[in-house]
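Shown next, in structure tokens, is the structure this report addresses.
The values are calculated or read from the model by the stated rules, or taken from the named source; none is laboratory data. On a predicted model such as this, the values are computed, not experimentally measured, just so you know. No Cβ is skipped: glycine too gets one built from the backbone with ideal geometry, and neighbour counts run over all protein chains shown. Just the protein is used for accessible areas: all its heavy atoms, side chains included, with ligands, DNA and RNA removed. Shrake-Rupley method; radii C 1.70, N 1.55, O 1.52, S 1.80 Å.
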Amino acid sequence: MMLEDFGFTKGINEVVGITFGDWINTAPLGVIVEDPKGRIARVRVYPSHTRENLKRGILYVNVINDPVVFAVSAFDDLKEDWFESLNPPIIKNSLAWCKFEAKLKGDFAELKLIEGGVVRRDLRAVNRGFNAIIEALVHATRLKENPSLIEKVRYYSEIVRKCGSERELRALEVMWEYLKRNGVWYLRD
Ligand SMILES: Cc1cc2nc3c(=O)[nH]c(=O)nc-3n(C[C@H](O)[C@H](O)[C@H](O)COP(=O)(O)O)c2cc1C
């Protein structure tokens, strides 16, 4: 068993992290891989619920290409009805799931793959709208620390509008609804 078996490549792999505290916590995370033929990875973890839960030593991730799942989990936790299985936790439409042993070290968690499964395979052409919604969301989750990132959120939103499928457009709506609800309402989308 190696990281590559579950779709990981060298570089930063954007996935949805799932941790257990008093509830199921979900958040997009970038899993950093140097050797996809191995089992070791790491992830930078900013202060968050994910970081708190990682103190328990386990991180699940789902490899998934549904932009709405990225958008909702970036700002909220996915409720149980978003899952097709809770043990192991698998969000509906996920392609693969992995369980990692996690050890916090400074700003990072060191990860060791201990279990995983491929749930389904998907055929899909590259869509710039998907890539752009991921960029928009990354910047949107850092707006509190750096409000000037709103310019990038707007820039990538335009690409999503131009290139995205209805799923990317729905994810865009989820993001802007959240930003407006949470005090970025005065910013035009
Ligand atoms: C595509 C994407 C990748 C992200 N990668 C990371 C990451 O590697 N580390 C991190 O701490 N936050 C990352 N974030 C931000 C968290 O998902 C975000 O702060 C989330 O709200 C944390 O939720 P939580 O408090 O429920 O853990 C990423 C966000 C997106 C959209």
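Explain nothing, just the number: dipole magnitude of the chain about its Cα centre with +1 on each Lys and Arg Cβ and -1 on each Asp and Glu Cβ, in debye rounded to the nearest 20.
On the way: 29 positive and 27 negative charges, 68 e Å.
In total the dipole reaches around 320 debye.
Each part reduced to its alpha carbon centroid, the range 4-38 and the range 49-90 end up 10 Å apart. Of all lysines in the structure, those lying under 19 Å Cα to Cα from K103, and not within fewer than 8 positions of it along the same chain, are K55, K112.
My understanding is that a pair violates if its Cα-Cα distance is over 24 Å; which of K10/K105; K92/K180; K79/K152; K37/K92 do that in this structure? Don't skip to the answer; put the middle values down first.
Details: K10/K105 21 Å; K92/K180 27 Å; K79/K152 29 Å; K37/K92 27 Å.
Pairs exceeding 24 Å: K92/K180; K79/K152; K37/K92.
Work out, in µm²/s and without decimals, the Stokes-Einstein translational diffusion coefficient of the chain at 10 °C, 1.306 mPa s, Rh from Kirkwood over C-alpha pairs.
94 µm²/s
Just checking the listed ones, V174, V31, V63: in the Gaussian network model of the chain with Cα springs under 10 Å, the one fluctuating most is V174. Each residue of the range 38-43 was assigned a 3J(HN,Hα) from its phi angle through the Karplus expression (A = 6.51, B = -1.76, C = 1.60, θ = phi - 60°), giving x, 10, 9, 8, 8, 9 Hz with x at Gly and Pro.
Tell me, what is the per residue accessible area of the range 128-183 in Å², probe radius 1.4 Å? Present the calculation step by step, with values, prior to reporting the outcome.
Details: 3230 Å² over 56 residues.
Result: 58 Å² of accessible area for each residue.
When the chain is treated as a GNM with alpha-carbon contacts under 10 Å, the residue of L113, L149, L123 showing the greatest mean-square fluctuation is L123. Just the protein heavy atoms count here, and of the accessible area of the range 1-141 at 1.4 Å, carbon and sulfur take up 51 percent.
How many Å² of accessible area per residue for the range 43-83, probe 1.4 Å?
Numbers: 1850 Å² over 41 residues.
Roughly 45 Å² per residue, with all protein chains present.
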